[in-house]
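**Student:** Let me give you the structure first, and then I'll get to my questions.
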Amino acid sequence: MSTFRTLDDLGDVSGKVALVRVDLNLPMRDGDVTDATRIRAAAPTIRDLTEKGAKVLLLAHFGRPKGERSSTMSLSMVVGAVEKVIGKEVMFVPEIAGDVVKQAVGILRPGDVAILENSRFWKGEEKNDPEFARAIAANGDFYVNDAFSAAHRAHATTEGLARLLPAYAGRSMQAELEALDKALGNPEKPVAAIVGGAKVSSKLDVLKHLVSQVDHLIIGGGMANTFLAAKGVDVGKSLCEHDLTDTANEILETADKAGCTVHLPYDVVVAKEFASNPASLRTCNVHEVAADEMILDVGPAAVEALGDVLKTCRTLVWNGPMGAFETEPFDAATVALARIAAALSKEGTLISVAGGGDTVAALNHAGVAEDFSYISTAGGAFLEWMEGKELPGVAALAK
Ligand code: ADP
Ligand code: MG
């Protein structure tokens with residue numbers, strides 16, 4: 001069914017060496033891991049391979065050491081956190097290739113796990129140097145990529161290795177690819193996309209791609225202001241990219257030709273100052289925004305209408321909050337729409353896939369992240385996928 005090999009396609013790997021690319025770029029404070037989400041995401045793959053008796057060598061990058069060793073960016077710092085999540089002792093190997101790794105492999109027993117040093121300590125990683133990749137591959141029998149979040153980069157450990165060894169998608173990668181395929185690759189129609197966030201400029205390619213893919217494009221957040229301005233609406237002091245109004249109009253035209261209905265808010269929440277519950281807070285029609293006011297959220301009437309649109313859809317893909325959700329009450333539209341999407345997903349009428357750093361934070365804030373069909377925590381890779389780009393790390397896994 002799938003176009004890539006998964007761990008289900010592995011034969012007998014007992015005693016074989018698995019080179020497993022995972023995401024261990026963990027948030028840390030004072031030498032401690034503050035959020036183990038990414039380790040938990042990698043755990044099913046690690047467990048699966050150790051249960052099959054493979055020797056598991058974890059590959060990952062951490063921070064941006066730019067091709068040089070750095071004591072503050074050594075992956076030795078995450079060993080304890082990984083041990084805690086997988087409930088197993090983990091060996092640390094201060095190299096990524098060569099004799100030191102070879103000796104480590106000799107010491108490891110089937111089912112054991114080791115972490116190799118930060119791949120970005122070597123210049124060959126980001127250059128995707130075939131020589132570097134070959135040196136890493138020399139110590140492994142097969143390659144597993146479980147780091148969708150790094151799949152938009154063609155680096156030695158995300159792409160090069162897949163060309164040198166039998167390559168498989170790990171469990172997290174597999175889940176991500178299957179969810180994304182359901183959302184945009186092969187979705188049940190009608191499909192809606194919600195795109196919000198601060199700026200049009202950061203998501204131009206996303207918008208351009210989506211208009212040819214979805215039946216309904218819901219635009220909110222700061223970027224809606226640019227579209228409203230393009231339509232001749234005076235958006236006052238709102239965040240707005242006036243230099244992009246032509247581009248916005250082109251996108252609206254393309255959408256029209258493709259049969260994609262674009263939804264812009266017709267009521268909005270405005271204020272004269274950007275603060276929590278400001279005295280100047282009011283809700284108005286988009287045509288009534290005063291020169292000294294800012295649009296900070298989509299209005300309740302628009303939210304209700306958008307909820308009705310979602311009720312007619314089978315699939316939703318969401319990136320970007322509807323308003324400045326970090327500050328109350330400008331979280332209202334995002335929270336309300338998130339709850340509608342979550343309820344429809346729970347009922348089973350909507351497949352909902354969301355991604356993006358702030359989007360995930362907003363859905364957690366709304367308390368509905370669990371009810372979405374799938375939440376992607378891969379920021380850059382998720383956006384590039386929404387742009388319709390082929391991700392090199394994924395392409396390299398193709399059968
Ligand atoms: P993501 O990280 O999910 O891709 P973005 O980074 O594109 O999302 O956008 C999130 C940011 O957009 C939030 O910080 C939010 O406050 C801001 N934002 C949303 N709507 C507005 C608005 N009307 N005015 C100003 N900022 C906004
Ligand atoms: Mg963001």
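**Student:** Of K127/K389; K237/K389; K346/K399; K55/K84; K189/K389; K203/K237, which ones are farther than 28 Å apart at the Cα?
**Tutor:** K237/K389; K346/K399
**Student:** Still on this model: Just want the ordering: E126, E188, E176, E83, from fewest to most Cβ atoms lying within 10 Å of their own Cβ.
**Tutor:** E188, E83, E126, E176
**Student:** Further, regarding this structure: Can you classify segment 7-172 as rounded, prolate or oblate using the Cα gyration tensor, where a ≥ b ≥ c are the square roots of its eigenvalues, rounded means a/c under 1.5, and otherwise it's prolate if a/b beats b/c and oblate if not?
**Tutor:** rounded
**Student:** Now for a different question. Can you compute the helix-only [θ] at 222 nm over the chain? Use -39500 (n - 2.57) per DSSP H run of at least 4 residues, normalise by all residues, nearest 500 deg cm²/dmol.
**Tutor:** The per-residue figure over the chain is -10000 deg cm²/dmol.
**Student:** So for segment 1-41, what percent of the C-alpha to C-alpha distances run longer than 16 Å?
**Tutor:** Counting pairs separated by more than 16 Å, the tail of P(r) holds 59 percent.
**Student:** For segment 286-366, count all C-alpha to C-alpha pairs, find those more than 17 Å apart, and express that count as a whole percent of the total.
**Tutor:** Looking at segment 286-366, the distances longer than 17 Å represent 48 percent of pairs.
**Student:** Does segment 187-386 come out rounded, prolate or oblate, given a ≥ b ≥ c as the square roots of the eigenvalues of its C-alpha gyration tensor, rounded meaning a/c under 1.5 and, failing that, prolate meaning a/b above b/c?
**Tutor:** Judged from the Cα gyration tensor, segment 187-386 comes out oblate (a/c at least 1.5, b/c at or above a/b).
**Student:** For a test of the definition: using alpha carbon positions, the gyration tensor, and the 1.5 limit on a/c, classify segment 265-317 as rounded, prolate or oblate.
**Tutor:** Verdict is prolate for segment 265-317.
**Student:** Take the alpha-carbon centre of segment 311-325, take the same for segment 94-127, and report the distance between them in whole Å.
**Tutor:** Rounded to whole Å, the Cα centres lie 42 Å apart.
**Student:** Where a Cα-Cα gap under 19 Å defines reach, which lysines qualify for K52, not counting those fewer than 8 residues away within the same chain?
**Tutor:** Straight-line reach from K52, under 19 Å: K16, K88.
**Student:** For segment 43-54, just list the computed ³J(HN,Hα) in residue order, Karplus coefficients 6.51, -1.76 and 1.60, θ = phi - 60°, integers in Hz, with x standing in for Gly and Pro.
**Tutor:** My calculation for segment 43-54 gives 4, x, 5, 4, 4, 4, 6, 5, 5, 7, x, 6 Hz in order.
**Student:** Shifting gears a bit: Using alpha carbons only, how many degrees (0 to 90, rounded to 10) separate the axis of helix 245-258 from the longest principal axis of the chain?
**Tutor:** So the helix axis and the longest Cα principal axis differ by about 80 degrees.
**Student:** Taking Cα atoms, how many degrees apart are the long axis of helix 300-311 and the longest axis of the chain, rounded to 10 and kept between 0 and 90?
**Tutor:** It is inclined by approximately 50 degrees.
**Student:** Can I ask one more? I'd like the distance separating the alpha-carbon centroids of segment 352-377 and segment 1-34, in whole Å.
**Tutor:** Between the Cα centre of segment 352-377 and that of segment 1-34, the gap is 23 Å.
**Student:** While we're on this one: Debye calculation, C-alpha points only, no solvent: report log10 I(q)/I(0) for the chain at q = 0.07, 0.09, 0.10 Å⁻¹, in the same order as the q values.
**Tutor:** These q points yield log10 I(q)/I(0) values of -0.38, -0.60, -0.71.
**Student:** Can you put H155, H365 in order, fewest other beta carbons within 10 Å first?
**Tutor:** In increasing order of surrounding Cβ atoms, one gets H365, H155.
Taken together, the values in this text are just the output of simple stated rules run on the coordinates, not laboratory data. Here the structure is a predicted model, which is why all the values come from computation and not from measurement. Note: ideal-geometry Cβ built from the backbone for every residue, glycine included; neighbour counts use all protein chains shown.
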